[in-house]
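Everything below concerns the one structure shown next.
The values are calculated or read from the model by the stated rules, or taken from the named source; none is laboratory data. Only a predicted model underlies this, so the values are computations on that prediction, with no experimental measurement involved. As a convention, Cβ positions derive from the backbone with ideal geometry for all residues, glycine included, and neighbour counts pool all protein chains shown. Side chains included, ligands, DNA and RNA excluded: accessible areas come from the protein's heavy atoms. Shrake-Rupley method; radii C 1.70, N 1.55, O 1.52, S 1.80 Å.
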Amino acid sequence: MTVHKLSRTQARRIAVRAQLLDSARPTDLLDMVRRLTLLQGDSTAAVAPSADLVAWSRLGASYSPAELSGALQELRLIDLRGMIRPGADLALYRAEMAEWRESGQVGWRRAQTEWVAANEACRQDILERLRGDGPLTARELPDTCAVPWKSSGWNNNRNVAMMLEFLVLRGEVAAAGRRDRDRLWDLASRIYPDDPPIPAGVALRLRNERRLRALGIARARGPECPVEPTDVGEAGEPAEVDGVRGTWRVDPTLLDQPFRGRTALLSPLDRLVYDRKRMTELFEFDYQLEMFKPAAKRRWGYFALPILYGDRLVGKVDATADRNDRVLRVDAVHQDVDFTNTMTAAVNREIKELARWLELDLRIAV
């Protein structure tokens, strides 16, 4: 098969188009999620929840977070391990769920199945409680684990949270919305559509193909990710990017298309920048999410928003939504390149649009 030869500019434009961030904006939330395959359901709301920011950056001011809540309530979209996906896509995961229940896992994952088996009584207690009283928060579910979950991280002894994670992997429990900031859980049979599973091998191929269509260009192999991979296997066709080592996979339907860009403010969890290695290789952009750093060590801000200008990532906006004072506070606009007057005007328009969408007054630090 011919290996496509791409410049960095071409590769970036393919990625931007695939993520629906060029000038041809989508107009429908569900169609947008189907094309992107997912919205990450992180609840951090320094500016707005990430899923809402991603939707706003594509759909614009016409998007209302109530649309997303309604689609989840009506099960047109589902929350699967923190990723909001089309309900119909669950069929692509059911075979893996059945394998988790029936044969467990291999390698380092075996310890997870062994831990669930050692705490079978707790598993049954949680399912019975949900059957009778669900949906419930994790705090309302019993911790009757005989063997506590051991971890060197913050999950140590978080027995109910870990059991729920594995019950989701087994297809027995599903996210059922939120009560304030707490996630609700219920029996999966009450939440998930009853579509027949797609065989595991076919499902993996389809997921890789859909992921590549959403990313445009990606590596065939990458580090293992716990929920959503960043690689795409043998989907698409091989490509090389000038100045970047190694071979990529590219969606051939996105090749040789005209490109017209726009300006957008992105969530730090936006799929255009989520794979930081790909972001660095293709966009040559320096960025880290700094919310977990001490304030004195932050370069760009707690939840700085990457700035897309055409096919380049050109800076970050350090913004915070202060809902008590009803203001969007912009403490800095960090320029990775010298902004022209046109760029400055375009970024300022996006900041004003963000404040208008949030229904907050704009306050920019001098």
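Structure notes:
- By the Kirkwood approach, averaging reciprocal distances over each pair of separate Cα atoms, the range 1-149 gets a hydrodynamic radius of 18.9 Å.
- Rounded to the nearest 20 debye, the dipole magnitude of the chain is 620 debye, with +1 charges on Lys and Arg beta carbons, -1 on Asp and Glu beta carbons, and the Cα centre as origin.
- Cα-based reach from residue 150 at 30 Å (exclusive), listing lysines while leaving out same-chain residues under 8 positions away: 293
- Centre separation in Å (Cα based) which lies between the range 224-295 and the range 176-211: 25
- A simple count of charges around residue 32, restricted to other residues whose Cβ falls under 11 Å of its Cβ and scoring Lys, Arg +1 and Asp, Glu -1, yields +1.
- Ellipsoid equivalent to the range 207-366 - semi-axes via the Cα gyration tensor, in Å: 32, 18, 15
- Solvent-accessible area per residue for the chain (1.4 angstrom probe, square angstrom): 49
- For the chain, the share of accessible area belonging to carbon and sulfur comes to 49 percent (1.4 Å probe, ligands and nucleic acids excluded).
- Calculated log₁₀ intensity ratio I(q)/I(0) where the Debye formula runs over C-alpha points of the chain, q = 0.07, 0.09, 0.12, 0.13 Å⁻¹: -0.34, -0.57, -1.00, -1.15
- In the structure shown, the pairs 277/297; 5/277; 5/316 are assessed against 24 Å; a Cα-Cα span above that value is assigned to 5/316.
- Treating each Cα of the range 109-237 as one equal point scatterer and applying the Debye formula with no solvent, the log10 of I(q)/I(0) at q = 0.15, 0.17, 0.19 Å⁻¹ comes out as -0.87, -1.01, -1.10.
- Computed over the chain with a Gaussian network model linking Cα atoms closer than 10 Å, the most mobile of 263, 340, 253 is 340.
- Summing charges over all other residues whose Cβ lies under 14 Å from the Cβ of residue 146, with Lys and Arg as +1 and Asp and Glu as -1, gives -2.
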